[in-house]
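Following: one structure in structure tokens, then a few remarks.
The values are calculated or read from the model by the stated rules, or taken from the named source; none is laboratory data. Just so it is clear, the structure is predicted and the values come from calculations on it, not from any experiment. Counting neighbours? That spans all protein chains shown, and the Cβs are built from the backbone with ideal geometry, glycine included. Accessible surface is based on the protein model in full, side chains and every heavy atom, while ligands, DNA and RNA are left aside. Shrake-Rupley method; radii C 1.70, N 1.55, O 1.52, S 1.80 Å.
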Amino acid sequence: MDFTFDSADEAFRSQIRAFLNAHLPADLAHRNRRGYHPLREDTRRWTGILHANGYAGANWPAHWGGTGWSPLHQFIFDEQCLLAGAPAVDTAGFKMIGPVIMNFGSDAMKAEYGPRILRGEVFWGQGFSEPNAGSDLASLTTRADVDGDYYVINGRKIWTSFVESADMIFVLVKTDLQARQRGISMILVPREAPGVTIRPIHDIGESHSLNEVFFDDVRVPLSNLVGEEGKGWTYAKFLLENERATSAEWPRNNANLQRLRGYMNQDRGDGRRLIDRPGYARRLASLDVDLAALKWLTLRALHEKTGGQNHLPMGSLLKVRGSELLQKIGDLQVEALGAHGLYVYPDTLGDDTAEHAWPPAPEYAPGIMADYLYRRATTIYGGANEVQRTIIARSFLEL
Ligand SMILES: Cc1cc2nc3c(=O)[nH]c(=O)nc-3n(C[C@H](O)[C@H](O)[C@H](O)COP(=O)(O)OP(=O)(O)OC[C@H]3O[C@@H](n4cnc5c(N)ncnc54)[C@H](O)[C@@H]3O)c2cc1C
């Protein structure tokens, strides 16, 4: 495997940097560099800009209307976007349900949603987990019964991220109550359909992205079924493998470590810098090594994807290493903030520049604690790490 970037890759990197310099609005970059949750309007604006410039659908093939970039160019694009502070596009649309629809959906479904996802006109929530079905997802109980030309959905989902600002929810339901995995189907539900109720769950970071969703006699046309009835488990596994590969988050790990290095190199007002303290310098070096290892693991996964090989459970490997590194970098980020690490600067639309932050803080501080608290969940969402370790062990032991 040759992981060196050749001159064409470097030219591509320069092209992306030039694009970001010219087109990324400063207010979007400011919010995003802080690590705050993306706002729907920020994401919509940025996706529109990408689309207008031919950069929408970085991970989509050209025949779906995407860029058709190689996995390596997608990697470079994501890396540069995060470093510049560009908001994420709607991950649930581009990386989760979009590829499911484009691979398994009807022609009508592809035509309806593909172009709208690319233009940033439709946002999605992932309705999988339930109060008694997280790691053991197949034991979900939300059900869909056929009534004429409609499915009637009843049940309850939990931890549904960003659904409060979504237009559509892709929901796993039981269409056959007797069967386990083969009784599961995937159905698209408009968030505003009568009978859908959303209740917010506020988290420790004093922000809001999590919700409970209740379905009470929600009626949707039979044509909202994705693919075939009873195949929802197959589509969910396909989707979750993509989600886990995404949650390696090399670009975010890289951007966070660079931010940390930036403020460890700053004079703290007494002529001293954190980087000059051996304990801090050693930990930063150790994180650097872990980051390099994650980069090579990610590139290896991309190489295998390109070559059509799939010997290892790469999604699970990337998820475990990437999520743990994000938390380790977060630990040092908060510690390095000293007293300023005690405070959560909540994810607000208010002015959080240094002179307006309360309590007063250096320019680099706001947002770090809020992001740190949210990232406690990285080892849980997308499938808990303990469960991923079992998947990895089973694969290596060929069980
Ligand atoms: C911030 C956040 C965002 C989320 N967003 C979404 C979303 O948008 N849509 C959605 O559908 N879900 C979402 N989730 C839910 C997430 O997918 C589940 O929380 C996760 O799958 C774990 O399920 P659970 O919470 O029911 O925990 P449980 O499955 O009850 O697990 C509890 C603990 O037991 C351990 N455990 C369970 N089974 C095993 C096993 N077989 N072997 C070893 N250990 C085990 C787990 O590792 C964990 O530590 C989100 C969760 C969080 C925290």
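Within region 251-262, identify whether any single residue is in the same structural domain as M314 (by TED's automatic domain parsing), closer than 27 Å to F170 by Cβ and more than 16 Å from the ligand (Cβ to nearest atom), and answer yes or no.
yes
To keep it simple, each residue is scored yes or no on (1) touching a helix residue (DSSP H, G or I) at 6+ places or on another chain (Cβ under 6 Å); (2) modelled with pLDDT under 90.
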residue: K319; (1), (2): yes, no
residue: E335; (1), (2): no, no
residue: H340; (1), (2): no, yes
residue: D347; (1), (2): yes, yes
residue: D351; (1), (2): no, yes
residue: G367; (1), (2): no, yes
residue: G382; (1), (2): yes, yes
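Taking into account only those residues within region 357-380 that are within 18 Å of the chain's Cα centre (by Cα) and either open to solvent by 70 Å² or more (accessible area, probe 1.4 Å) or assigned by TED's automatic domain parsing to the domain that holds Y36 (or both), which is nearest to the ligand (Cβ to nearest atom)?
I380
Are there any pairs with C-beta distances below 9 angstrom linking a residue in region 383-399 that is over 15 Å from L318 (Cβ atoms) and of a type in the set (A, V, I, L, M, F, W, C) to a residue that is open to solvent by less than 40 Å² (accessible area, probe 1.4 Å) and part of a loop (DSSP other than H, G, I, E, B), with the two at least 6 apart or on different chains, and if so which?
Hits for this filter: F396/L312; F396/P313.
Give me the residue from region 91-117 that is under 20 Å from L39 (Cβ atoms) and touching a residue at least 24 places away in the same chain (Cβ under 8 Å) and, out of that set, farthest from the ligand (Cβ to nearest atom).
It comes out as I117.
The rows are residues; the columns are (1) more than 15 Å from the ligand (Cβ to nearest atom); (2) in the same structural domain as V387 (by TED's automatic domain parsing); (3) aliphatic (A, V, I, L, M).
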position	(1), (2), (3)
F128	no, no, no
P131	no, no, no
L140	no, no, yes
D145	yes, no, no
D149	yes, no, no
V171	no, no, yes
L177	yes, no, yes
V189	no, no, yes
G195	yes, no, no
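All but one of (1) of a type in the set (G, A, S); (2) surrounded by 19 or more Cβ atoms within 10 Å (Cβ to Cβ); (3) at pLDDT 95 or above hold for G227, so report the exception by its number.
For G227, the exception is condition (2).
Could you figure out which of (1) surrounded by 14 or more Cβ atoms within 10 Å (Cβ to Cβ); (2) more than 24 Å from the chain's Cα centre (by Cα) isn't true of N253?
(2)
Going residue by residue through region 66-79, is there one that turns out to be within 16 Å of the ligand (Cβ to nearest atom), modelled with pLDDT of 95 or more and open to solvent by less than 40 Å² (accessible area, probe 1.4 Å)?
no
Can you find even one residue in region 266-289 that is surrounded by 19 or more Cβ atoms within 10 Å (Cβ to Cβ), in contact (Cβ under 8 Å) with a residue 12 or more places away in the chain and among the hydroxyl-bearing types (S, T, Y)?
Within region 266-289 (the criterion being surrounded by 19 or more Cβ atoms within 10 Å (Cβ to Cβ), in contact (Cβ under 8 Å) with a residue 12 or more places away in the chain and among the hydroxyl-bearing types (S, T, Y)), the answer is no, since none of the residues qualifies.
Is it fair to say A88 is surrounded by 19 or more Cβ atoms within 10 Å (Cβ to Cβ) and more than 16 Å from the ligand (Cβ to nearest atom)?
In short, no.
Of the residues that sit in region 204-236 and are part of a strand (DSSP E or B) and acidic (D, E), which one is farthest from the ligand (Cβ to nearest atom)?
If we take residues in region 204-236 being part of a strand (DSSP E or B) and acidic (D, E), then D217 is farthest from the ligand (Cβ to nearest atom).
Quick one: W46 ticks every box in (1) more than 18 Å from T91 (Cβ to Cβ); (2) open to solvent by less than 20 Å² (accessible area, probe 1.4 Å) except a single one, so which number is it?
Failed condition: (1).
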